[in-house]
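A.B. asks: Take a look at this one; I'll ask things after.
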Amino acid sequence: MTRVSSTARAAGIVTVVVAALLGSAYVLGRSLVPDQAQQHATGVTTEGDGPHYADQPAEKSPAGAPAGTPTDIPTTGQSAGPTEAGQDGSGRDAGGDKLFGAHTGTGSARLALTFDDGPDPRYTPQVLTTLREYGVKATFCVVGENAQNHPDLIQAIVADGHTLCNHSWQHDIALGNRSADKIRADLVRTNEAIRAAVPDAPIVWYRQPGGAWTYPVVSVCTGLGMTPLHWSVDPSDWQAPGASKIATTVLAQAEPGGVVLMHDAGGDRQGTVDALRRILPELSTRYELEALPTDPT
Ligand SMILES: [Zn+2]
């Protein structure tokens, strides 16, 4: 009986300790999710039409661990949970092992703006107009099926002097975990859709959706003559935090040689468009802005 009652007492102590820890975790967890709560409150990312992509979230451990199946891929920015917020990316914190050699900078003092997931007829023309107003050239990381659906926008991007980057056929965040043959087929199909619109435009960059680089995806993309492109400045605009927050983050984190990640598609991107109008006056005086070159070294 003595043993039983001491066991019971021990169990009681454990229960109290566990309850205390759970309480702390709950409080901590609540403190980590204000952005998400705010998003739901404002409904800024609610949207029913069009493709939705999120560039950052899926991978918990891109370096070799499964990055999830296609069913794990978030379909809206809202689906990114609190544990995913904050690991968006930024190449600043990512080690070389995680990036498999993907470029995080321009290799010069110039700053590059990149726009992912398009083209999108609602936002890409607005981005192009704003870039034109400031005489800024940028790089568009386009999704193959969007290129196929909007060849006119691909042509408009190239006609304005911007450069192109392959961003996979359907924004498959888990692409890096598929077979080399499947990766190659995806990237080739995307390039073919782009070239159907702009036969002579070079496509020398590849950006893996979600930044979920793996050795196979880097190997295939370099084998196809493309250079893997990551980023160094990430305002998490895919979460639609509002133009002010996007602009503030970009202006605070921009530095010579940086690559800025933004999105002209994949959800409600009006915040990005509006942020661009706010940041270009200052960015274009602080930095020489460039489209990523078509002859990367
Ligand atoms: Zn993307």
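A.B. asks: Here is a check on your reading of the model: is Thr190 among the β-branched types (Val, Ile, Thr) and more than 28 Å from Asn149 (Cβ to Cβ)?
C.D. replies: Answer is no for this residue.
A.B. asks: Next question, about the same structure. Pick from Ala156, Ala185, Ala147: which is within 28 Å of Pro235 (Cβ to Cβ), over 21 Å from the mean Cα position of the chain (by Cα), of a type outside the set (Asp, Glu) and in a helix (DSSP H, G or I)?
C.D. replies: Ala156
A.B. asks: Moving on. Is it the case, given these coordinates, that Thr214 is modelled with pLDDT of 95 or more, among the polar types (S, T, N, Q) and surrounded by 24 or more Cβ atoms within 10 Å (Cβ to Cβ)?
C.D. replies: No.
A.B. asks: Can I ask one more? Any residue at all in region 257-269 that's in a helix (DSSP H, G or I) and either within 16 Å of the ligand (Cβ to nearest atom) or under 22 Å from Asp117 (Cα atoms) (or both)?
C.D. replies: The answer is no, given that none of the residues of region 257-269 is in a helix (DSSP H, G or I) and either within 16 Å of the ligand (Cβ to nearest atom) or under 22 Å from Asp117 (Cα atoms) (or both).
A.B. asks: Given the conditions (1) outside any helix (DSSP H, G or I); (2) at pLDDT 95 or above, which single one is not true for Gly101?
C.D. replies: Going through the list (1) outside any helix (DSSP H, G or I); (2) at pLDDT 95 or above, Gly101 breaks only (2).
A.B. asks: Could you check region 123-148 and list, in sequence order, the residues that are farther than 26 Å from Ala254 by Cβ and more than 16 Å from the ligand (Cβ to nearest atom)?
C.D. replies: Within region 123-148, Gln148 is the sole residue that qualifies.
Yes/no matrix, rows are residues, columns are (1) open to solvent by 30 Å² or more (accessible area, probe 1.4 Å); (2) at pLDDT below 95; (3) within 29 Å of Leu283 (Cα to Cα):
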| position | (1), (2), (3) |
| --- | --- |
| Ala85 | yes, yes, yes |
| Phe115 | no, no, yes |
| Gln126 | yes, no, yes |
| Val142 | no, no, yes |
| Cys165 | no, no, yes |
| Ala174 | no, no, no |
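The values are calculated or read from the model by the stated rules, or taken from the named source; none is laboratory data. These numbers were taken from a predicted model, which means no experiment stands behind them. Reconstructed Cβ throughout: ideal geometry from the backbone, glycine too, with neighbour counts over all protein chains shown. Just the protein is used for accessible areas: all its heavy atoms, side chains included, with ligands, DNA and RNA removed. Shrake-Rupley method; radii C 1.70, N 1.55, O 1.52, S 1.80 Å.
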